[in-house]
Amino acid sequence: MAVYEHDVLVIGGGLAGMRAAIAAQQLGADVAMVSKVHPVRSHSNAAQGGINGPGVGEDGGPWEEHAFETTKASDYLGDQDAITVLAQDGGGEVLQMEHWGVVFSRKPDGRMAVRRFGGMGKARTFFVGAITGQAILHVLYEQLMHPARFKAMRMYEEWFVTSLIVDDGQCRGCVALNIRTGELHAITAKATIVCTGGLGRVYEPSTNALICTGDGIAQAYRVGAPIMDMEMVQIHPTTLKGTGVLITEGARGEGAYLLNKDGERFMQKYAPNMMELASRDVVSRAEQTEIDEGRDVDGCVFLDMRHLGEQLIKERLEEIYEIARDLVNIDIAKELLPILPGVHYIMGGIKTDVDGLTPVPGLYSAGEAACVSVHGANRVGANSLLDTLVFGRRAAEHAVPWLQGKAFRPVPESVVEKDRAMIRGILDRPMNGDRVAKIRRDMGVSMSANVGIFRVPERLNKQVDELKALRARYEKVGVEDKGKVFNTDLLFHIELGYMLDCADMITKSAIERKESRGAHTRLDYPDRNDAEWLKHIVLTKQPDGSEKMSYLPVTITQWQPQERKY
């Protein structure tokens, strides 16, 4: 067993992780990053439509406008102190990306172009065609790898984290598997920042990459970090039929319409003022209602972009044009695109403060793995990229001063041996006819059916039983590949354990919240209930292995809850 030592360990190679690593490097820390995939293959690539830029010139608008719209979209479950930080810091991060080399789309006069996103009262979203996340991701990676700008940063690329190390009440790094050798090692650190992204693959279908398996959320939960608002799972209104591939909200921002089978622009009934650009939860519920009431075609409604014209589509939505052509053989300049709601984002996650700090000393989190909470019950469009940059940077800027004067502690062999025994147990199991892929598929399909857009007690309780049965199958299933080198069978098995933890937390929290708010819609409790449920649900694993459910008040600073209308 090798033991590696660093001041700051960033787990996850996406936008939050890279932004944290850059900030920590700038402060002079010895920084390392561990990622189970090459960093520019992170799911941040999939963010298509843009990034909000409050305070960036006239187009970005006053930060107060953005903060209010974010609060409203959150259905008032977002903590307003954190939302204020996001809005005040956000514009500076957008400009920093532009200065570092992100080539934002431009207006004829050379200024950065904007489009309008759902839940926003005006166009304040800056973008790079339909590849905004990819563009920012590559620029940040270039910054990290720039030999003249930073000293060489240790990159544990294609290393798979199996657990966090907590000793004497403090997080001191992680145990990780070198995928290329199959060997386990301890990577110790004075501060650890978890930036592992979301858990979308707990559901099927999902817009998320196959790597989005809730690793960091489950790992933090297992060492006693509180996990908050897990019932709040965002359903994106426009995913491509038969594939789950995201069709950016930027299409509606450019003027695309939603139509049912009768050619009716049905959002007039549900959100007469903002129409297709109402908040995501509102649009998703409207689509599902149209589908459930029979105004669909084969379980879908349609996105109409024909009136936008081929020139605008190829200039601003080229990636969507190519996706539709390549995956379903549809020319969106001439034909309707079949779409339906799909799981997209988790508003919940590891509970942190505005500096990314969890109640476990030395453990920080940022990005989709974290719950600050700026998104509350529903994330407004184009705030995800902003979240990763603002809070990735802030986590590092708090962690580096905090670790000064702290020393490394020896890591006992037992820390790694526990995970080594876990892996040995998986590899030693005989094949029993079941497969990890089948259990994972059954979990995802059942979660979509029972803990989806519309939730009822019978289905929620059924999912509790489903998850118990799935857990029992998981504990008995083996893997076919018994080797050490690039054993993806083994990795998928471990990931499934994380996913089952996350599915369990989502379901329990959905049962507990007896109201409808944002993305969480209970048909037996159709109204929002601020008197009893204007609070966060927190799950914490206790030292004895039991689970504690508790509540935290929502921080309200400026905007009192009011009825949400679009």
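Out of THR192, THR188, THR181, THR196, which single residue is modelled with pLDDT of 95 or more, under 15 Å from ILE423 (Cβ atoms) and of a type in the set (Val, Ile, Thr)?
THR181
Considering every residue within region 144-158, establish whether at least one is open to solvent by 50 Å² or more (accessible area, probe 1.4 Å) and within 30 Å of LYS565 (Cβ to Cβ).
Checking region 144-158: not a single residue is open to solvent by 50 Å² or more (accessible area, probe 1.4 Å) and within 30 Å of LYS565 (Cβ to Cβ).
All but one of (1) surrounded by fewer than 24 Cβ atoms within 10 Å (Cβ to Cβ); (2) touching a Ser or Thr at 6+ places or on another chain (Cβ under 9 Å); (3) more than 25 Å from ALA382 (Cα to Cα) hold for TRP63, so report the exception by its number.
TRP63 satisfies every listed condition except (3).
Could you tell me whether any residue of region 114-122 is in a strand (DSSP E or B), aliphatic (A, V, I, L, M) and open to solvent by 20 Å² or more (accessible area, probe 1.4 Å)?
Checking region 114-122: at least one residue is in a strand (DSSP E or B), aliphatic (A, V, I, L, M) and open to solvent by 20 Å² or more (accessible area, probe 1.4 Å).
Looking only at residues that are part of a strand (DSSP E or B) and closer than 19 Å to LEU460 by Cβ in region 512-535, which one is most open to solvent (accessible area, probe 1.4 Å)?
Going through the qualifying residues, I end up with TYR525.
Keeping to region 328-368, report how many residues are over 21 Å from the mean Cα position of the chain (by Cα) and charged (D, E, K, R).
Number satisfying all stated conditions: 3.
Yes or no: GLU98 assigned to a helix (DSSP H, G or I), open to solvent by 50 Å² or more (accessible area, probe 1.4 Å) and at pLDDT below 95?
Answer is no for this residue.
In region 177-200, which residues are within 22 Å of LEU144 (Cα to Cα) and either in contact with a Lys or Arg (Cβ under 8 Å, 6 or more places away or on another chain) or open to solvent by less than 30 Å² (accessible area, probe 1.4 Å) (or both)?
ASN178, ILE187, THR188, ALA189, LYS190, ALA191, THR192, ILE193, VAL194, CYS195, GLY197
If you take the residues of region 451-491 that are under 14 Å from ARG429 (Cβ atoms) and in a helix (DSSP H, G or I), which of them is least open to solvent (accessible area, probe 1.4 Å)?
LEU490
Which of the residues spanning region 261-296 are open to solvent by 60 Å² or more (accessible area, probe 1.4 Å) and not basic (Lys, Arg)?
ASP262, GLU264, GLN268, TYR270, PRO272, ASN273, ASP292, GLU293 - these are the residues of region 261-296 that are open to solvent by 60 Å² or more (accessible area, probe 1.4 Å) and not basic (Lys, Arg).
How about region 53-95: which of its residues are within 20 Å of ILE346 (Cα to Cα) and of a type in the set (Phe, Trp, Tyr)?
The one that is within 20 Å of ILE346 (Cα to Cα) and of a type in the set (Phe, Trp, Tyr): TYR76.
If I ask for residues that are closer than 11 Å to SER284 by Cα and open to solvent by 10 Å² or more (accessible area, probe 1.4 Å), which ones from region 226-247 would you list?
If the condition is that a residue be closer than 11 Å to SER284 by Cα and open to solvent by 10 Å² or more (accessible area, probe 1.4 Å), then ILE235 is the only one that fits.
In region 369-404, what count of residues is obtained for those that are open to solvent by 10 Å² or more (accessible area, probe 1.4 Å), assigned to a helix (DSSP H, G or I) and out of contact with any helix residue (DSSP H, G or I) (no Cβ under 9 Å at 6 or more places or on another chain)?
3
Among what's in region 350-367 and is assigned to a strand (DSSP E or B) and touching a Gly at 6+ places or on another chain (Cβ under 8 Å), pick the residue that is surrounded by the fewest Cβ atoms within 10 Å (Cβ to Cβ).
Ranking the candidates gives ILE350 first.
What is the number of the single condition among (1) under 19 Å from the mean Cα position of the chain (by Cα); (2) open to solvent by 10 Å² or more (accessible area, probe 1.4 Å) that TYR141 does not meet?
(1)
For region 1-41, how many residues meet the condition of being within 21 Å of GLY405 (Cα to Cα), among the aliphatic types (A, V, I, L, M) and in a strand (DSSP E or B)?
6
Mind telling me which of the residues THR557, THR540, THR507 ends up being surrounded by fewer than 20 Cβ atoms within 10 Å (Cβ to Cβ) and within 19 Å of LEU199 (Cα to Cα)?
Residue meeting the stated conditions: THR540.
Could you give every pair whose Cβ atoms fall below 8 Å, whose first residue belongs to region 303-330 and is farther than 24 Å from GLU287 by Cβ, and whose second residue is in a helix (DSSP H, G or I) and not small (Gly, Ala, Ser), counting only separations of at least 6 or pairs across chains?
Qualifying pairs under 8 Å: LYS314/TYR321.
Assuming GLU319 fulfils every condition listed in (1) farther than 14 Å from LEU340 by Cα; (2) modelled with pLDDT of 95 or more apart from one, which condition is it?
So the condition that GLU319 fails would be (2).
Give, as residue ranges, the helices (runs of 4 or more DSSP H) completely inside region 201-289 that count at least 1 residues that are under 19 Å from the mean Cα position of the chain (by Cα) and either modelled with pLDDT of 95 or more or among the hydrophobic types (A, V, I, L, M, F, W, C) (or both).
215-222
If I filter region 413-450 down to residues being assigned to a loop (DSSP other than H, G, I, E, B) and surrounded by 12 or more Cβ atoms within 10 Å (Cβ to Cβ), which single residue comes out as farthest from the chain's Cα centre (by Cα)?
Per the stated criteria, the residue is ARG429.
The values are calculated or read from the model by the stated rules, or taken from the named source; none is laboratory data. What you are looking at is a predicted structure, and each value in this text was computed from that prediction instead of being measured. Virtual Cβ from ideal backbone geometry, glycine too; neighbours counted across all protein chains shown. Calculation scope for accessible area: heavy atoms of the full protein, side chains included, ligands and nucleic acids excluded. Shrake-Rupley method; radii C 1.70, N 1.55, O 1.52, S 1.80 Å.
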